[in-house]
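Visitor: Have a look at this one before I ask anything.
Where a number appears in this text, it was derived from the coordinates with a stated rule and is not lab data. Note that the structure is predicted; figures quoted are calculated from it, not measured. Here the Cβ positions follow ideal geometry from the backbone for every residue, glycine too, while neighbour counts run over all protein chains shown.
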Amino acid sequence: MLDPYEIRKDFPILKRKVNNHPLIYFDNAATSQKPRQVIDAMTDFYENHNANVHRAVHTLSQEASELYETAHEEVAEFIDARGMEEIVFVRGTTEAVNLVAYAWGLRNLKKEDEVIASLMEHHSNIVPWEILSKLNGFKIKYIEVNGDGTLNYKSFENLISKKTKVVCLSHVSNVTGIINDVKKVARTAHDFGALMLVDGAQSVPHMPVNVKELDVDFFGFSGHKMLGPTGIGVLYGRREVLEGMDPFHGGGEMIREVSFNKQTKRCSITWNVLPWKFEAGTPDIGGAVGLMEAVRYLKRIGMENVKEHEETLTKYALPRMENCCEKLEVYGTKDTSAKCGIVPFGVEGLSSHDIALFLDNYGIMVRSGFHCAQPLHEIFKLNSSARASFYIYNTREEIDRFIEVLKEIGQSL
Amino acid sequence: MTSIDDYVARIDGTCGKDKDVIVTFRYEKKDEAVKKILEKASLKKSVAGIVFELTFKNHSFRLYGSGKAILRDLKDKQELNALLSELLF
């Protein structure tokens, strides 16, 4: 069991007030807060070790390179990848998906091919494929979602065929928190010779993830949702798949050699080894240091404990939310064992933004809108939704306060 | 001369099917803005003295004591600016 009261001491921002009320931060699915340890690690890097990485012999560059490489190693260990060669640092999950779409999809997807995604995807796992399909002419098919927000596995089985080249699926829905059985989907995808790409933005911060066990080919996630800084994220790629791919961006760092051929008057280029082949230009070294510290922080707590804590909070919140006001509706499945700590809801007669502004008045931060998942809202027949999402520093007392304010909202109607 | 920008810090379109507009008043001017708007608009309902449901010239909107307002059914930015001008000056 983790102790959220002890954990809260590490998060400076949780001491502040918003609109004269103690801050209650329930917008963790959008981004998490940062512990002192992460902030200090980044400050220490910039104050004591800052230099560009690789290809310099001076002391500072060697220190920075060592930190940067260690960050890859520790992230690899965190998700049980085979090694740092399989860990590409990117800006976030969005860039991870775009890297796969452009570096793999652009070259491999033909007109007769098909890509499968689901209707519960974040726009970042839909839009890159839709853009690419306009260039390459391949078809995109969407897995249906059931009325309770769960994935319709039958629909997936009906869609997949030998034409399918990649299946794109979120591990955890960013709207409902529902956990998808990506292992099962990956097995079927592989049976048909397709690759499996997983958006892990909402799973890696909240539960143990083992990419080997899931047996997926690509897995993207963001540092800022797991206590790390913004601007850094991870694309895990199975080594054999990454080795067969050309780079995404061109520039320094991702090449081993660029030599000018006097006969052809062209430059011939040899790519660098993994993962640097996919990390063109000066990377976000400070961000990598922050991400590494975030991973260490989560490892000290234990991801099983993180999952258990969020499940406990969700179990505590769900019935209280449903009973606090007649006009309040929680969307999606209520089975807390099948979901992470994300609770989408609405109040009849109020827009999600009204709910969020009302709560904001009391220092409670929730998100409102489509949460970048408009197709799922269309399935739910919703104009938008409010979303409360929990993390390691949230407490039952905060939920009690949240419920009190929701009751007040109900009484105001 | 005082302008809307002296009172307004941000104007954001909401995310969702309803294209509402959220106006955030400048922190140092929010109390003044809230007071002025409450003087000009008709109060339909007040919740705990922090949320005000108001109407003004066929526009219904909500004003929050934290210095934010959510405005609906506006045609364009011109209509929003005209409404804010009338409410604030």
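Visitor: Put +1 on the Cβ of each Lys and Arg and -1 on the Cβ of each Asp and Glu in region A:38-299; which of A:VAL57, A:ILE126, A:GLY220 then has its Cα farthest toward the positive end of the dipole?
Guide: So the residue we want is A:ILE126.
Visitor: Quick check: the angle from helix A:182-191's long axis to the longest principal axis of chain A, C-alpha only, nearest 10 degrees?
Guide: Roughly 40 degrees between the two axes.
Visitor: What shape does region A:11-115 take by its C-alpha gyration tensor, where a ≥ b ≥ c are the square roots of the eigenvalues and a/c under 1.5 counts as rounded, a/b above b/c as prolate, and the rest as oblate?
Guide: In terms of gyration-tensor shape, oblate.
Visitor: Loop-only trypsin sites (Lys or Arg not before Pro) in region A:231-311, please: DSSP not H, G, I, E or B, and at most 11 other Cβ atoms within 10 Å.
Guide: Qualifying residues, ordered by number: A:LYS262, A:LYS265.
Visitor: Please list the non-local residues whose amide H lies under 5 Å from the amide H of A:ILE24, H modeled 1.01 Å from N, same-chain partners needing a gap of 5 or more.
Guide: A:ILE364, A:MET365
Visitor: Sticking with this one: Set Lys and Arg Cβ to +1 and Asp and Glu Cβ to -1, take the dipole of region A:38-299 about its Cα centre, and tell me which of A:LEU242, A:PRO283, A:ILE160 lies farthest positive.
Guide: Highest projection toward the positive end goes to A:ILE160.
Visitor: Same structure again: With a cap of 11 neighbouring Cβ atoms within 10 Å, and only residues DSSP puts in a loop, list the trypsin sites (Lys or Arg not before Pro) found in region A:148-210.
Guide: Counting only loop positions with at most 11 other Cβ atoms within 10 Å, the trypsin sites (Lys or Arg not before Pro) in region A:148-210 are A:LYS162.
Visitor: Whose amide H sits under 5 Å from the amide H of A:GLY233, counting only residues 5 or more places off or on another chain, with H placed in the peptide plane?
Guide: Hits under the 5 Å cutoff: A:VAL90, A:ARG91, A:GLY92, A:GLY223.
Visitor: Mind putting a number on the dipole of region B:4-88 about its Cα centre? Charges go on the C-beta only, +1 for Lys and Arg and -1 for Asp and Glu, and I need it in Debye to the nearest 20.
Guide: Roughly 220 debye, rounded to the nearest 20.
Visitor: Could you please state, rounded to a whole Å, how far the C-alpha centre of region A:1-62 is from the C-alpha centre of region A:357-378?
Guide: Cα centroid of region A:1-62 versus Cα centroid of region A:357-378: 25 Å apart.
Visitor: If you don't mind, another one. How big is the convex hull of the Cα atoms of region A:194-240, per residue, in Å³?
Guide: Per-residue hull volume (Cα only) is 74 Å³.
Visitor: Still on this structure, please answer the following. So what's the net charge close to A:SER124: Lys and Arg +1, Asp and Glu -1, counting the other residues with Cβ under 12 Å from its Cβ?
Guide: Net charge around A:SER124: -3.
Visitor: Radius of gyration and Dmax for region A:320-402's Cα atoms, expressed in Å?
Guide: Taking only Cα atoms of region A:320-402, I get Rg and Dmax of 12.6, 34 Å.
Visitor: With a cut-off of at most 10 other beta carbons within 10 Å, and DSSP calling the residue loop, which trypsin sites (Lys or Arg not before Pro) in region A:39-107 qualify? Please list them.
Guide: Here the trypsin sites (Lys or Arg not before Pro) that fit, given the DSSP loop and packing criteria, are A:ARG55.
Visitor: While we're on this one: When DSSP assigns beta bridges and you keep just the ones with both residues in the protein assembly as shown, what percent turn out antiparallel, to the nearest 5?
Guide: Here the share of antiparallel DSSP bridges comes out near 75 percent.
Visitor: For each of B:ILE22, A:ILE143, count neighbouring Cβ atoms within 10 Å of the residue's Cβ, then give the residues from fewest to most.
Guide: Final ranking by Cβ density, sparse to dense: B:ILE22, A:ILE143.
Visitor: How large is ³J(HN,Hα) for each residue in region B:5-16, as worked out from phi by the Karplus curve 6.51 cos²θ - 1.76 cosθ + 1.60 (θ = phi - 60°), to whole Hz, x for Gly and Pro?
Guide: Values, residue by residue: 4, 5, 9, 9, 8, 8, 10, 10, x, 7, 8, x Hz.
Visitor: Then there is this: Going by how many other beta carbons lie within 10 Å of each one, how would you line up B:ARG72, A:ARG36, fewest first?
Guide: Lowest to highest Cβ neighbour count: A:ARG36, B:ARG72.
Visitor: Per the Kirkwood definition applied to all pairs of different Cα atoms, how many angstroms is the hydrodynamic radius of chain A?
Guide: 22.4 Å
Visitor: Same structure again: Given chain B reduced to its alpha-carbon atoms as identical point scatterers, what log10 I(q)/I(0) does the Debye formula return at q = 0.15, 0.25 Å⁻¹?
Guide: Result of the Debye calculation: -0.50, -1.50.
Visitor: Then there's this: From other protein chains only, count the Cβ atoms within 10 Å of every residue's Cβ in A:374-381, then give the mean.
Guide: The shielding value for this peptide is 1.
Visitor: Further, regarding this structure: Counting other C-beta atoms within 10 Å, which of A:MET303, A:MET226, A:MET321 has the fewest, and how do the rest follow?
Guide: With the sparsest Cβ surroundings first, the list reads A:MET303, A:MET321, A:MET226.
Visitor: Which entries in the list A:LYS183/A:LYS277; A:LYS139/A:LYS299; A:LYS162/A:LYS277; A:LYS9/A:LYS184 go over 32 Å, if you measure between the two C-alpha atoms of each?
Guide: Checking Cα-Cα distances, A:LYS139/A:LYS299; A:LYS9/A:LYS184 exceed 32 Å.
Visitor: Rounding to the nearest 10 and keeping the result within 0 to 90°, find how far the Cα-based axis of helix A:59-78 lies from the longest principal axis of chain A.
Guide: 60 degrees
Visitor: Counting Lys and Arg as +1 and Asp and Glu as -1, each charge on the Cβ, what is the dipole of chain A about the Cα centre in debye, to the nearest 20?
Guide: Result for chain A is approximately 960 debye, rounded to the nearest 20.
Visitor: Along the positive direction of the dipole of the protein assembly as shown (beta-carbon charges: Lys, Arg +1; Asp, Glu -1; about the Cα centre), which of A:ALA81, A:ALA30, A:SER412 reaches farthest?
Guide: Sorting the options by dipole projection puts first A:SER412.
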